[in-house]
Amino acid sequence: MSSTELPSVPAINALPTVTPVRVAEGERLRSVGLPGITLTIRSRPPAREGLPPALYVHGLGGSSQNWSALMQELEGVVDGEALDLPGFGDSPPPDDGDYSVTGHARAVIRHLDAAGRGPVHLFGNSLGGAVTTRVAALRPDLVRTLTLVSPALPEIRVQRSAVPTGLLALPGVAALFYRLTREWSAEQRVTGVMALCYGDPGRVTPEGFRHAVEEMERRLRLPYFWDAMTRSARGIVNAYTLGGQHSLWRQAERVLAPTLLIYGGRDQLVGFRMASRAARAFRDSRLLTMPDAGHVAMMEYPDTVARAFLELLEETGQLPDGVPSGSRRARAGEADHGSASADGAGPGGGAAAGGAASIGYGAVVGENEAAAESAGS
């Protein structure tokens, strides 16, 4: 092993046999080996050549499957890829065991640098929102636009429903939770996750629920599942306590890319009240609030999120040739699932999302009293 390599985790062939990860029709998976990490990349062939690249980053406990519905909505607009962060989805743990927000951001940057796809339209949900905020602040050359769905940015007045996720960061809690829930079925676990993450769990189709159960069963067989969850939750909490130039809010202020912020009114993990603060922090932002959405709006209302993204492209002069313009007029007569955006125009509409095979969590803990005062203003 060269001096630049890090010690490896146990070989993949030493892990128990698990069922293959699900690949939806029209999607493909590939594995990418990078220094210290191996990433699984999910993609859909673009509708035509020459479309700008996009990268989607999931939340805590999620995977690239969280973006399948939105990727399909946008296949005629961007050349999209979604990655499984190290230790999640079908990606093995990082060699160095670093599940911090910075560690995950480093994985995203390594992939973009190695693939030569940047700058990309960058999307992030929950933990992925914190990760992509850091990427956009540190490497503006890699980001065309930034779209954040319920980003896990620091807040102090934690919703009660978010506390258990944050507690995973405490030593011993994950092991205790595992012992207490050892007898829970995959169906019970998925039901609980969907109740936490969806504004209306009834929007999930029976087929989607079945796929989610299959994915949960697969993950629970992975020996590193709880370790990845615990260390990543701890990474979020640690990121929330950082001040100065490493503060996530400070880094949000440094983001140069046009930014679309999406918050759900029924989000039980990221406070809806944080929307206004985020809109002030990101210098070139547009805000879409969706009163009926929960924590994973891109899974619940992928068509609404897609239209909001098209509007972002249109307003910033980045709409690809051949993609119809006039997105605001096109949605004028549709049912409204979102309030006014930061610039005074709010995307509406939304149909039932197809079932998703996995759900992203968010942990919300930390920061200081000044943040609470600002959030409440």
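In the set Thr102, Thr38, only one residue is in contact with a helix residue (DSSP H, G or I) (Cβ under 8 Å, 6 or more places away or on another chain), among the polar types (S, T, N, Q), outside any loop (DSSP other than H, G, I, E, B) and modelled with pLDDT of 95 or more; that residue is Thr102.
Listed by first and then second residue, the pairs linking a residue in the range 42-55 that is assigned to a strand (DSSP E or B) to a residue that is among the polar types (S, T, N, Q) and buried (at least 19 other Cβ atoms within 10 Å of the Cβ), with Cβ atoms under 6 Å apart and 6 or more places separating them unless they lie on different chains, are Arg42/Ser64.
Of all residues in the range 31-55, those being open to solvent by less than 60 Å² (accessible area, probe 1.4 Å), aliphatic (A, V, I, L, M), out of contact with any Leu (no Cβ under 6 Å at 6 or more places or on another chain) and more than 11 Å from Ser91 (Cβ to Cβ) number 2. Among the charged types (D, E, K, R) and crowded, with 23+ Cβ neighbours inside 10 Å, is that true of Arg134? Yes: the conditions hold for Arg134. Applying the criterion of being modelled with pLDDT of 95 or more and either assigned to a strand (DSSP E or B) or polar (S, T, N, Q) (or both) to the residues of the range 137-167, the residue that is surrounded by the fewest Cβ atoms within 10 Å (Cβ to Cβ) is Arg144. Screening Asn13, Asn66 for residues that are at pLDDT below 95 and either out of contact with any Lys or Arg (no Cβ under 6 Å at 6 or more places or on another chain) or buried (at least 21 other Cβ atoms within 10 Å of the Cβ) (or both) leaves exactly one candidate, Asn13. Looking only at residues in the range 213-250 that are part of a helix (DSSP H, G or I) and among the hydroxyl-bearing types (Ser, Thr, Tyr), the one that is farthest from the chain's Cα centre (by Cα) is Thr241. Note on the range 276-298: residues that are surrounded by 23 or more Cβ atoms within 10 Å (Cβ to Cβ) and more than 19 Å from Pro140 (Cα to Cα) total 9. Scanning the range 93-109 for residues that are touching a Ser or Thr at 6+ places or on another chain (Cβ under 6 Å) and buried (at least 24 other Cβ atoms within 10 Å of the Cβ) yields a single hit, Tyr99.
Here the condition is being over 15 Å from Pro151 (Cβ atoms) and buried (at least 24 other Cβ atoms within 10 Å of the Cβ); of Tyr240, Tyr301, it holds for Tyr301 alone.
Look through Ala297, Ala293, Ala252, Ala279 and report the one residue that is modelled with pLDDT of 95 or more and touching a Pro at 6+ places or on another chain (Cβ under 9 Å). Residue meeting the stated conditions: Ala252.
The values are calculated or read from the model by the stated rules, or taken from the named source; none is laboratory data. Predicted model, so just to flag it, every value in this text is computed and none were measured. For neighbour counting, all protein chains shown are included, and Cβ atoms are generated from backbone atoms with ideal geometry for every residue, glycine included. Areas reflect the complete protein model, heavy atoms only, side chains present, ligands, DNA and RNA absent. Shrake-Rupley method; radii C 1.70, N 1.55, O 1.52, S 1.80 Å.
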